[in-house]
Amino acid sequence: MLLPPLLTLITDFRFLDHDTGSDHPEIPARLQTIHAALEQSNYFPLLDFQETRPAERQWLMAAHDEGWLFRFEEAVLSGKTSVDHTDNQICYDSYEVATLAAGAGLAAIDLLELGQTAQAFCLVRPPGHHAERIRPFGFCFINNCVVAARYWQQHHSRKRIVVFDFDAHHGNGIQSAFEYEADSLYISIHEHPSFSYPGTGYADEKGFGAGRGSILNLPLSPGAGDEQFLALLQGPVADKIAQWQPDAMIVAAGFDGHRDDEMSGLLYSTGLYEKIGQSVRGLSNKHCGGRLLSILEGGYELKVLGESVEAYVQGLLAR
Ligand SMILES: [Zn+2]
């Protein structure tokens, strides 16, 4: 019997068409540097590359109000260069590219559910975890992780979804989508909101009503590094997932906590990302039948972004 690929990467040259101008950190070269690093890795022959597809309107609307989708589409078609804030730079193609980025998660979930791959990692841009139901935020327009979670829950009946977010910044858009729900868990390790964008993600934000306990924020002080991160990952993160028993796991994979990335005051090493990859692989094998989907979020220092993603993938592939 032919075994499925160990890891499928969903990516697409059209992700390069989201043009954010000359003075913005979230640029097409981010994906190009990741590709270059993966191509030089020893494990490159093990990787399976697949194209994305546009997320259907139904799934975009599972995460966003239609008013925002219309407003986004109208902004790009009318030639605007940003929406709501100059952080959110756009070009004529940005709406289409954002729907393709959101669709990568759907394509990946279908492959996982059909048994056609062991695990998947969506190398996409624009990123998503700051995008709110009715507005863009922090380089993000469509919340790729929330769209994927809704698809897994509603199309494939995997009701209990955990999103683990290791981007240096708190994923306010994922938290606000999940905070009233008992069946959706958001866990984030990020730089403390007193010092970092977007100013949410305090430890006492735990969810409301039926969703009380469905948010686990684990902020780190500026200057924290591998040791502090791993203590949280192996302690409260692993404990929460074991106790909560998810049906599937999504990882919001952001690499801007690297010590050389000036987007945060965190001091992670490149090697930490390999350990994160190993850990999320292990947790998903143990608690949710190996159903594991990673989606790229931040990571802006081109000198270390490629090697950081390469290390994470190495961890995902570890046996
Ligand atoms: Zn970030």
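Numbers at a glance
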read-out	value
Filter result for Ala120 (within 16 Å of the ligand (Cβ to nearest atom), crowded, with 24+ Cβ neighbours inside 10 Å and within 24 Å of Ser308 (Cα to Cα))	no
Any hit, the stretch 80-98, residues being in a strand (DSSP E or B), of a type in the set (Ser, Thr, Tyr), surrounded by fewer than 24 Cβ atoms within 10 Å (Cβ to Cβ) and away from the ligand (no atom under 15 Å from the Cβ)	yes
Neighbours by Cβ (under 7 Å, 6+ apart or cross-chain): first from the stretch 211-230, over 17 Å from Asp165 (Cβ atoms); second of a type in the set (A, V, I, L, M, F, W, C) and in a strand (DSSP E or B)	Gly223/Leu267; Gly225/Leu267
Top-ranked residue of the stretch 35-58 - restricted to ones that are of a type in the set (Gly, Ala, Ser) and part of a helix (DSSP H, G or I), ranked as surrounded by the fewest Cβ atoms within 10 Å (Cβ to Cβ)	Ala36
Test: Phe141 is modelled with pLDDT of 95 or more, within 16 Å of the ligand (Cβ to nearest atom), surrounded by fewer than 24 Cβ atoms within 10 Å (Cβ to Cβ) and over 12 Å from Ile295 (Cβ atoms)	no
Test result for Arg133, among the charged types (D, E, K, R), part of a loop (DSSP other than H, G, I, E, B) and in contact with a strand residue (DSSP E or B) (Cβ under 6 Å, 6 or more places away or on another chain)	no
Sole residue being in contact with a Leu (Cβ under 9 Å, 6 or more places away or on another chain), among the aliphatic types (A, V, I, L, M) and not in a strand (DSSP E or B), chosen from Ala63, Ala104	Ala104
Scope the stretch 11-34; condition in a loop (DSSP other than H, G, I, E, B) and in contact (Cβ under 8 Å) with a residue 40 or more places away in the chain; matching residues	Thr11, Asp12, His18, Asp19, Thr20, Gly21, His24, Pro25, Glu26, Pro28
Filtered residues of the stretch 169-192 (kept if away from the ligand (no atom under 16 Å from the Cβ), within 14 Å of Gly213 (Cβ to Cβ) and not in a strand (DSSP E or B))	Phe178, Glu179, Tyr180, Glu181, Ala182, Asp183
Residue ID - nearest to Arg212 (Cα to Cα), chosen from residues in the stretch 153-168 that are surrounded by fewer than 24 Cβ atoms within 10 Å (Cβ to Cβ) and either out of contact with any Ser or Thr (no Cβ under 8 Å at 6 or more places or on another chain) or in contact (Cβ under 8 Å) with a residue 40 or more places away in the chain (or both)	Arg160
Complete set of residues in the stretch 194-209 that are over 19 Å from the mean Cα position of the chain (by Cα), in a loop (DSSP other than H, G, I, E, B) and more than 24 Å from Trp68 (Cβ to Cβ)	Ser194, Phe195, Tyr202, Ala203, Asp204, Lys206
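The values are calculated or read from the model by the stated rules, or taken from the named source; none is laboratory data. Model, not experiment: these values are computed from the prediction. FYI the Cβ positions are ideal-geometry reconstructions off the backbone, even for glycines, and counts take in every protein chain you see.
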